[in-house]
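A short worksheet on the structure shown next.
The values are calculated or read from the model by the stated rules, or taken from the named source; none is laboratory data. This is a predicted model, so every value here is computed, not measured. Here the Cβ positions follow ideal geometry from the backbone for every residue, glycine too, while neighbour counts run over all protein chains shown. Areas reflect the complete protein model, heavy atoms only, side chains present, ligands, DNA and RNA absent. Shrake-Rupley method; radii C 1.70, N 1.55, O 1.52, S 1.80 Å.
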Amino acid sequence: MARRSTYRSGTLLVVALLLAALGATGTATASGPHAAAATGTRAGTAAAAQPPHRYFHEFQANCAVSHTGPDDPIVFPGQPGASHNHTFMGNNTTDADSTAASLDAGGTTCKAPGDKSAYWMPTLFDGDRPILPVGPQTIYYKAGVTDYTSVRPFPKGLRFVVGSPAQSPQDFRDHPGYVEGWECGDSYFNTEFPTDCPDRADVQLNIRLQAPSCWDGSSLDSADHRSHMAYPVVKEGTNDNVCPAGHPVALPMIEFKMAFPVNGDLSAARLASGPSYSFHYDFFNAWDDATLDALVDHCIVGGLQCDARGYDQTHPEEGAALNEDYELPAGVATP
């Protein structure tokens, strides 16, 4: 059975009050319905209420590789060819000049047509041969805080980098988003590519890494592309994961679960960014607001374990957030 992961959680006693006014600290500030809602309490959720314990509160974005290229619209905007090679998923127009507006006008390789977000990571090579994930990859959207009912959708245009190409082996292992490192067969928690990867058709090289999920409530980006986001912290005297005071808004926690079709001898494996421990990834939100809101509300706030349709097979009575075409049912209003 495949291993799953959840961010460490406990039982919530009190939800921290969100800051009413935050100064802009990045290069762009948030606006729109999701930005306004982020600093308030979701309708029907009392600020001090304790939600029932649910082991899962997540949904998936299943997105395939769209293209590769030496571009990075977050770190090197407007500078085509300035980056190491990246493997892009989701939006099929992502390049050095991408903006929230251009992504919104593009297409997507994600199952949900409403997910036009751009996801990218350094390309994996075996020698000089690029190794690209095959088919839709699993990108979890889950609650990183104990009070899963406090999670809000991403504001349009939010972007950030998870990890760093310059990190050391210890930095990689100690990263707060580290799950099980590089995995292959029965080998887990590897900083380096596993040397004992079984040479079998059913074995692939895997990596899992979680993103920060607490937002400062104002900045869509920051100078280092990280400071406007933070990981949850344990509330003193409890086992509860809460957002820190400087980043009070709980957003979905993204978790990359990538599978690369390579095994056996990995001595020539490398990332475009450097050694195995330089793995990192980027996210640029371009979801359709109404679609993302429906999935967050139904699956994360609703405490369900959903697929890309927003359907939980263990709770069929709850229905699905999206229809069989992975779109909002007719009649659902746009916020």
Do we have Arg208 as surrounded by 23 or more Cβ atoms within 10 Å (Cβ to Cβ) and closer than 17 Å to Tyr141 by Cβ here? no
Enumeration of residues in segment 97-156 that are under 22 Å from Ser218 (Cβ atoms), open to solvent by 20 Å² or more (accessible area, probe 1.4 Å) and touching a residue at least 12 places away in the same chain (Cβ under 8 Å): Thr99, Ala100, Asp104, Ser150, Lys156
Can you name the number of the only condition in (1) modelled with pLDDT under 95; (2) open to solvent by 20 Å² or more (accessible area, probe 1.4 Å) that Asp240 fails? (2)
Taking segment 228-242 and keeping residues within 30 Å of Asp289 (Cα to Cα) and either touching a Ser or Thr at 6+ places or on another chain (Cβ under 8 Å) or among the basic types (Lys, Arg) (or both) leaves His228, Met229, Tyr231, Pro232, Asp240, Asn241, Val242
Complete set of residues in segment 261-309 that are in contact with a Cys (Cβ under 8 Å, 6 or more places away or on another chain), crowded, with 23+ Cβ neighbours inside 10 Å and farther than 30 Å from Asp95 by Cβ: Cys299, Cys306
List every residue pair whose Cβ atoms sit under 7 Å apart, with the two residues 6 or more apart in sequence or on different chains, where the first one lies in segment 42-60 and is more than 27 Å from Trp287 (Cβ to Cβ) and the second, anywhere, is modelled with pLDDT under 85 and among the hydroxyl-bearing types (Ser, Thr, Tyr). His53/Thr11
Hits in segment 165-186 (condition: surrounded by fewer than 18 Cβ atoms within 10 Å (Cβ to Cβ) and out of contact with any Phe, Trp or Tyr (no Cβ under 6 Å at 6 or more places or on another chain)): Ala166, Ser168, Gln170, Asp171, Arg173, Asp174, Tyr178, Gly185, Asp186
